[in-house]
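The next block holds one structure in the form of structure tokens; read it before the comments.
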Amino acid sequence: MAVEVRRTADGLLQLGLSGEWGVQQLSAIAAELSALDLTASRRVLIDAQGLAALDLSAAWALREFVRRARAAGAEVSFRGSAPDQLRLLDETLQDRAGAGATPAEPAAPGFAAAESRALSLIGRLTVHAGDDLTEWLAFFGRACVTFLASLGSGRRLRPTSITRHVYDTGITAMPIVALIAFLISVIIAYLSAQQLRGFGVDIYVVDLVTIGVLRELGVLLTSIIVAGRSGSAYAAELGSMKLNEEVDALIATGVDPFEVLVVPRVLGLVIALPLLTVVADLIGLTGGAVLCRYLLDMPLTQYVNRVNEAISPTTFWVGLIKAPVFALLIALAGCYHGMQVRDSARELGRLVTVAVVQAIFLVILADALFAIFFMKMNI
């Protein structure tokens, strides 16, 4: 961020703006502009063509300077045209456009102050979201690099730790996954039967249950359960280790915490979730068979034959291929937020909640992207 100041004898003040003008440089920008003496200036010419970046927070500070210059009796103009951000602020505040597309004074100081606070809040949230995304991608990249480096040594890959996490996240989760899959398939079959019975096409209940469970509901519901169960566990475990300085102890002894704590958890869940998805699919189809047998009096052989007719060669694999991706997102969200814990148990609780919410959001977002992709591919 730089402001080049030139003054002429006829009272012309020329300002050359260059560099990046953003919320991170806002304090320096405000100090630089407020230090300019406008008492002897009859005209102010601003050259903003050298700006590499200008966000709304910095544009607001520039707008306030223009307002102050005009209040001091100076004529303000821009070399070329005013930045688009200034025009956006003018349109937002419904001000008059000046003769040279310069910003006008706000209608009321109180309203301007409220808008300034709102824009500052939006800027801070945007910068925070960008920083968080950058850190998340850096965490993912480091986990990938650590995994690739571990492939050359079985001991560094830590198969014992991976097996334990497969057991914790997969085997112990089978009862709740099976129960949820059974109940959801029964509900789908019941609602479908109620609607289709009036048209005399009860047989299509089997199609709805089969395709719905195998393509979407089996893997999606399993992933949401695992996100709440294992994602929170990962965040809580790693967060507790951060609070107890166990992670710092690993680093002090020359052990990479990603190799010991992150990669085994990610691999364990990537292995466990596809297995849980297969269990959910089988139990879901079983639930549909039970309801069709007792509500529609459909023999089991007829149900099985209709299932075979309803599924295509890709129906099962479309659902199963999503499971490793969902597992990767859940594990990374849990481990990332667990490693971000600092200072207090309250922070631990907050980040565990954020990990679960983020994991569920990422799973649903990824599922929507998969649906669009498979639709475009006619799968």
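At 1.4 Å probe radius, can you tell me the per residue accessible area of the chain in Å²?
Accessible area per residue: 51 Å².
Summing -39500 (n - 2.57) over the DSSP H runs of n ≥ 4 in the chain and dividing by its residue number, what mean residue ellipticity at 222 nm do you reach, to the nearest 500 deg cm²/dmol?
On the way: 16 runs with 251 residues, N = 379.
After summing the helix terms and dividing by the residues of the chain, the value is -22000 deg cm²/dmol.
Report, for the chain, the % of DSSP beta bridges that are antiparallel, rounded to 5.
Details: 6 of 19 bridges.
Here the antiparallel bridges make up roughly 30 percent for the chain.
Computing the accessible area with a 1.4 Å probe over protein heavy atoms, can you report the carbon and sulfur percentage for region 2-96? Please report the intermediate quantities before stating the final value.
Numbers: 2270 of 4900 Å².
Accessible surface attributable to carbon and sulfur in region 2-96 totals 46 percent.
Quick one: Kirkwood hydrodynamic radius for region 131-225, alpha-carbon pairs, angstrom, one decimal?
Across region 131-225, the inverse of the average 1/r is 17.1 Å.
Enumerate the calculated ³J(HN,Hα) couplings along region 309-317 in order (Karplus 6.51 cos²θ - 1.76 cosθ + 1.60, θ = phi - 60°), each rounded to whole Hz, writing x wherever the residue is Gly or Pro.
Coupling constants for region 309-317: 6, 6, 8, 9, x, 9, 4, 5, 6 Hz.
Which whole number in µm²/s is D for the chain by Stokes-Einstein, with the Kirkwood Rh taken over Cα pairs at 37 °C and 0.692 mPa s?
For these conditions, the coefficient is 128 µm²/s.
For Trp21, enumerate residues with amide H under 5 Å from its amide H, sequence gap 5+ or separate chain, H modeled in the peptide plane.
Residues meeting the criterion, in which the H sits 1.01 Å from N, are Ala52, Ala53, Leu54, Asp55.
Pop out the ³J(HN,Hα) list for region 121-133 in order, Karplus 6.51 cos²θ - 1.76 cosθ + 1.60 with θ = phi - 60°, rounded to Hz; leave Gly and Pro as x.
5, 4, x, 5, 5, 5, 4, 5, 5, x, 5, 5, 5
Taking amide H positions as placed 1.01 Å from N in the peptide plane, with prolines and chain starts having none, which residues 5 or more places from Glu75, or on another chain, fall under 5 Å of its amide H?
Excluding prolines and chain starts, which carry no amide H, the hits are Arg43, Val44.
Give me the percent of accessible area attributable to carbon and sulfur for region 151-287, probe 1.4 angstrom.
Taking all protein chains in place, region 151-287 shows 68 percent carbon and sulfur surface.
The values are calculated or read from the model by the stated rules, or taken from the named source; none is laboratory data. The structure presented is a predicted model; accordingly, all values stated were derived computationally and were not measured. The accessibility values were calculated without ligands, DNA or RNA, using every heavy atom of the protein model including side chains. Shrake-Rupley method; radii C 1.70, N 1.55, O 1.52, S 1.80 Å.
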